[in-house]
1. Search region 280-297 for residues being at pLDDT below 95 and touching a helix residue (DSSP H, G or I) at 6+ places or on another chain (Cβ under 6 Å), and hand back the single one that is nearest to residue 253 (Cα to Cα).
2. Test of understanding: among 114, 124, which residue is within 16 Å of the ligand (Cβ to nearest atom), farther than 14 Å from residue 15 by Cα and crowded, with 22+ Cβ neighbours inside 10 Å?
3. Could you list all residues from region 8-39 that are surrounded by 19 or more Cβ atoms within 10 Å (Cβ to Cβ) and either assigned by TED's automatic domain parsing to the domain that holds residue 109 or assigned to a strand (DSSP E or B) (or both)?
4. Within region 156-169, track down each residue that is under 19 Å from the mean Cα position of the chain (by Cα) and part of a loop (DSSP other than H, G, I, E, B).
5. Residues being within 22 Å of residue 15 (Cα to Cα) and within 9 Å of the ligand (Cβ to nearest atom): count how many of those fall in region 135-173.
6. Please count how many residues of region 40-49 are part of a loop (DSSP other than H, G, I, E, B) and over 20 Å from residue 271 (Cα atoms).
7. What's the number of the only condition in (1) over 13 Å from the mean Cα position of the chain (by Cα); (2) surrounded by fewer than 19 Cβ atoms within 10 Å (Cβ to Cβ); (3) at pLDDT 95 or above that residue 63 fails to meet?
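The values are calculated or read from the model by the stated rules, or taken from the named source; none is laboratory data. Source: prediction; values computed, not measured. Because the Cβ atoms are built from the backbone with ideal geometry, glycine has one as well, and the counts that use them run over all protein chains shown.
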Ligand code: SAM
């Protein structure tokens, strides 16, 4: 399949921004615009839409539907975000009033999603090291009505885990730079990645993997961390299963008692899990999510969640 053909198979995903309005009000608005809610996108009417089966507040429209002139989109009430890109914040699901870090935030799709899941309460520290992308992040946070986010133009690796400002942080989202090899040709998604080169050579992938592992190990050093979600928009095991395996074998994981959250905690109804041969353990492979471009009506993606060993038992109950 060509990238264009694969893109045509991806619905237009629209996330209802619950910082701005409720799902019910959004559905009423869509009905007033002539859109018809159905069980699925099957059907001939071009103004149909459906609710996503896995992500709350996510709606699917036919791929050609444009929201660029829509008043709800322009006022930040709708956020155009691929389904796979919605998995990380939902897996992390920080509770209301939590202290949270988004370590690699721009342009801010997952930051705004986390903010909404936290009910615009607590504090979300959003790091972005690139100055220009930090500007994009700040604009997006304003448009998305985020009142609980503190954007910080800094390199997450320079943040001292012992800094009292972050002493109460319990959840970290890590969606670092990656090869972008899972990305199908869609503009809103390209903004999230800095690179889009499926033919990336092994050497570059290894360098990215080394950086990604350093980021996870740094996150594991924060004193009160109980949950770390690590995600990429890559299809390469080098950046996904191999990085997770190395993180699990690290001193930082041993010191912090980190293990992978069990499958039932990581969107268990999603069918495509990690690659067992690359992960080394079938159980660990079940604990992570993959999305396959062209097969899952999403871009290619990978999501994993590290938890403190004691939390693993808790999430099983
Ligand atoms: N999570 C974002 C979203 O959903 O919109 C996409 C993040 S993009 C894949 C990775 C971002 O991390 C880039 O904007 C990059 O500049 C930033 N970044 C990379 N290394 C970083 C670091 N050490 N500290 C802070 N930001 C970093």
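1. Top of the filtered list is 280.
2. 124
3. Once the filter is applied, which keeps residues that are surrounded by 19 or more Cβ atoms within 10 Å (Cβ to Cβ) and either assigned by TED's automatic domain parsing to the domain that holds residue 109 or assigned to a strand (DSSP E or B) (or both), region 8-39 yields 12, 13, 14, 15, 16.
4. Result: 169, single match.
5. 4
6. Looking only at that region, the number is 6.
7. (3)
Table: residues versus (1) under 29 Å from residue 28 (Cβ atoms); (2) within 16 Å of the ligand (Cβ to nearest atom); (3) within 12 Å of the chain's Cα centre (by Cα); (4) surrounded by fewer than 17 Cβ atoms within 10 Å (Cβ to Cβ).
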| position | (1), (2), (3), (4) |
| --- | --- |
| 81 | yes, yes, yes, no |
| 87 | yes, yes, yes, no |
| 92 | no, yes, yes, no |
| 100 | no, yes, no, no |
| 104 | no, yes, yes, no |
